[in-house]
Amino acid sequence: MDPVCLKEGLLALQSGALVVMPTETVYGLAADATNPQAIAALYAAKGRPASNPLIVHVADQASAQRWGGFSETAHKLADAFWPGPLTLVLPMTAEAKAHIAPAVTAGHDTLALRVPHHPLTLQALRALPFPLAAPSANLSNQLSPTRVSHLHHQLLTHVAHIWDGGPCIQGIESTIVQIIGNNWAVLRHGIFTEEALTAFLKTPPLSATATAPGQSLRHYAPHHPMILNSTKVGPEDALLAFGPHVPAGAMITKNLSLRGNLHETAARLFDALHTLDQWPCHRIVVMPIPESGVGLAINERLKKGAMTRGHESAMA
Ligand code: AMP
Ligand code: MG
């Protein structure tokens, strides 16, 4: 990247300001994880509830070990999948307890850590003397941005600098895995599926008792109401299509993947929703997407996006 642009962002972060950074999943709103004022500004900019902890981004596994206690299972996962869309929730080290701003973990004694797979952001992380807390760069509960053009003007008033890294390649948020000793549990579905992780670790996850803190029911939501698993459209509907057999008659149609590929679907999901949400339609109709593989992660986001307003406050 342009060295002047890189430097400006680094200086902003060092002064406690907020910077938008690209990752392979979605764009992040980054702040110095060791600076309580910067973290307070980050929560305020997003309107994020204080009960929803932040993922901390580091340059490599060696840096992650300063902040999180790694078991053998944690090492195996980090060796295999970092840099990449996998977040590990680990016990905090003494150094983390002393230096990470308490609001980052929302009072938990665990810390969520990830090494993102984006050359620009890795360059920034290597240059900084502190790790970056970075939730998605959207107002709380709204659609995640996968391009700079998706950033909301209200959020941008709080941002000192933007690093434009082009469209995000994976397009949905990281898989979150909690590590308890050598046991593991998926807290949020993502590109790395529970099936794939089970095959890799050769041991199944803990039975699904683990719940992720701060995950409200309504999330990833467009402004228009969203109807899932439907192929019935009228002229006032925007259609989010999947696969080759697309019903006619919608005001606008965006096909996530003509060939029915789930990775392509994940990569295009938020961009397509941002586009459809601009149209003067009455609702967004979403065709069925298979509930298997990455489809689980895609459907998890669509279901939360389709929740009617009101449920989220019940969860707050
Ligand atoms: P995001 O909204 O993409 O920034 O992801 C943050 C999510 O990571 C939170 O909503 C939590 O579910 C999870 N998370 C972050 N930190 C922790 C933690 N210390 N313990 C458990 N889960 C965490
Ligand atoms: Mg988010």
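Rounded to the nearest 20 debye, the dipole magnitude of the chain is 360 debye, with +1 charges on Lys and Arg beta carbons, -1 on Asp and Glu beta carbons, and the Cα centre as origin.
A dipole drawn for the chain from +1 and -1 charges on Cβ atoms has a positive end, and of ASN35, ALA133, ILE252 the residue lying farthest that way is ILE252.
Residue farthest toward the positive end of the dipole of the chain, with Cβ of Lys/Arg at +1 and Asp/Glu at -1: which of ALA74, LEU143, LEU113? About the Cα centre, the residue reaching furthest to the positive side is LEU143. Take HIS189: with every protein chain present and a 1.4 Å probe, its accessible area is about 50 Å².
Over the stretch 9-78, consider all pairs of different Cα atoms and compute the Kirkwood hydrodynamic radius from their mean reciprocal separation; express it in Å, one decimal.
Details: mean 1/r = 0.0731 Å⁻¹.
It is 13.7 Å.
Averaging 1/r across all pairs of distinct Cα atoms in the stretch 41-139 and inverting the result yields a Kirkwood radius of 13.8 Å. Ligands, DNA and RNA are left out, and with a 1.4 angstrom probe the accessible area of the stretch 1-154 is 37 Å² per residue. The long axis of helix 72-81 is offset from the longest Cα principal axis of the chain by roughly 60 degrees.
Highest mean packing first, where packing is the average number of other Cβ atoms within 10 Å per residue, the peptides 273-286, 147-160, 13-26 line up as 13-26, 273-286, 147-160. Would you mind calculating the relative contact order of the chain from Cα pairs under 8 angstrom and at least 6 residues apart, reporting the percent as a whole number? Relative contact order for the chain comes out at 20 percent. When peptides 219-228, 256-265, 293-302 are ranked by their average number of other Cβ atoms within 10 Å per residue, the highest-first order is 293-302, 219-228, 256-265. Rounded if a/c is under 1.5, else prolate if a/b is larger than b/c, else oblate: which is the stretch 228-278, with a ≥ b ≥ c the root eigenvalues of its Cα gyration tensor? In terms of gyration-tensor shape, oblate. Taking every protein chain into account, the 1.4 Å probe leaves TRP163 with about 0 Å² of accessible area, to the nearest ten.
Which angle between 0 and 90 degrees, to the nearest 10, do you get for helix 262-277 versus the longest principal axis of the chain when only C-alpha atoms count? So the inclination is approximately 70 degrees. Beta-bridge orientation, the chain: approximately 45 percent antiparallel, per DSSP, counting only bridges with both partners inside.
Rounded to the nearest 20, the Cβ-based charge dipole of the stretch 95-250 about its Cα centre (Lys and Arg +1, Asp and Glu -1) stands at 140 debye. Within the accessible area of the chain, the carbon and sulfur atoms contribute 56%, probe 1.4 Å, all protein chains present.
Which of rounded, prolate, oblate describes the stretch 188-316, given a ≥ b ≥ c as roots of the alpha-carbon gyration tensor eigenvalues and a/c under 1.5 marking rounded, otherwise prolate only if a/b is larger than b/c? Since a/c reaches 1.5 but b/c is at least a/b, the shape of the stretch 188-316 is classed as oblate.
Name the shape class, rounded, prolate or oblate, that the alpha-carbon gyration tensor gives for the stretch 92-142, where a ≥ b ≥ c are the square roots of its eigenvalues, rounded holds for a/c under 1.5, and otherwise prolate holds if a/b is larger than b/c and oblate otherwise.
Numbers: a/c = 2.32, a/b = 1.17, b/c = 1.98.
Here the stretch 92-142 falls in the oblate category.
Measuring against 24 Å, Cα to Cα, the residue pairs LYS7/LYS97; LYS97/LYS202; LYS46/LYS232; LYS232/LYS304; LYS46/LYS303; LYS46/LYS304 contain LYS7/LYS97; LYS97/LYS202; LYS46/LYS232 as the ones spanning a longer distance.
Note on the stretch 95-183: percent of Cα-Cα distances in each 5 Å bin, starting at 0 and stopping at the bin with the largest distance, equals 2, 9, 18, 21, 22, 17, 8, 2, 1. Taken per residue, the accessible surface of the stretch 230-316 reaches 48 Å², heavy atoms only and a 1.4 Å probe.
When the Cα atoms of the chain are enclosed in a convex hull and the volume is divided per residue, what value in Å³ results?
Working: hull volume 39.7 nm³, N = 316.
So the per-residue Cα hull volume is 126 Å³.
Normalising the average separation of contacting C-alpha pairs (under 8 angstrom, six or more residues apart) by the number of residues puts the relative contact order of the stretch 104-179 at 19 percent.
The values are calculated or read from the model by the stated rules, or taken from the named source; none is laboratory data. Predicted, not measured: the structure shown is a model, and the values here were computed from it. Cβ sites come from the backbone with ideal geometry, for glycine too, and all protein chains shown count toward neighbours. Accessible surface areas use protein heavy atoms only, side chains included; no ligands, DNA or RNA. Shrake-Rupley method; radii C 1.70, N 1.55, O 1.52, S 1.80 Å.
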